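Before any comments, here is the structure.
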Amino acid sequence: MFLSISSIPNYQCPMPDAPCPIPQLKIMKLILYSKPECHLCEGLLEKLETVLQTPDFASLDLEVRDITTREDWFAAYQYEVPVLCVLKDDNLLSIPRPSPRASVTQLEKTLRKYI
């Protein structure tokens, strides 16, 4: 998915009389496969929400998928949640599961390797 700079509210190109040097921003999506009452899932989600509030990760979109809502997700991830993936160029890539003890800074470092 691409987002045109002109569609960003209140964006002003630094050179208004010239073509904008950044014509598009690519929005990548993080997908967290989770399930209800999964404390590891809740902990990772909380850290991800903190990371996504930082300017370096503002272009990431997070989608949380409850594996109990689809049989194919449940079959694939029932023993693996939380599973974090990045949707990049229409490819779904798994990100190694961070330790539950990983800090927000460590999670940021891991995400930088995959986005």
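The table below lists the values:
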| read-out | value |
| --- | --- |
| Long-range amide H partners of MET28 with built H, under 5 Å | ASP61 |
| Interchain or long-range residues, amide H under 5 Å from ARG65's placed H | LEU32, TYR33, SER34 |
| Spin-label pair TYR114/GLU46, simplified geometry with 7 Å Cα→Cβ offset, distance in nm | 2.1 nm |
| Backbone HN-Hα couplings from phi across the stretch 57-65 [Karplus 6.51/-1.76/1.60, Hz, Gly and Pro as x] | 10, 5, 7, 8, 10, 10, 10, 9, 10 |
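None of the figures in this text is laboratory data; all of them are computed from the coordinates on show. Predicted model only: the values in this text are computed from it and were never measured. Positions of Cβ are backbone-derived with ideal geometry, glycine not excepted, and every protein chain shown enters the neighbour counts.
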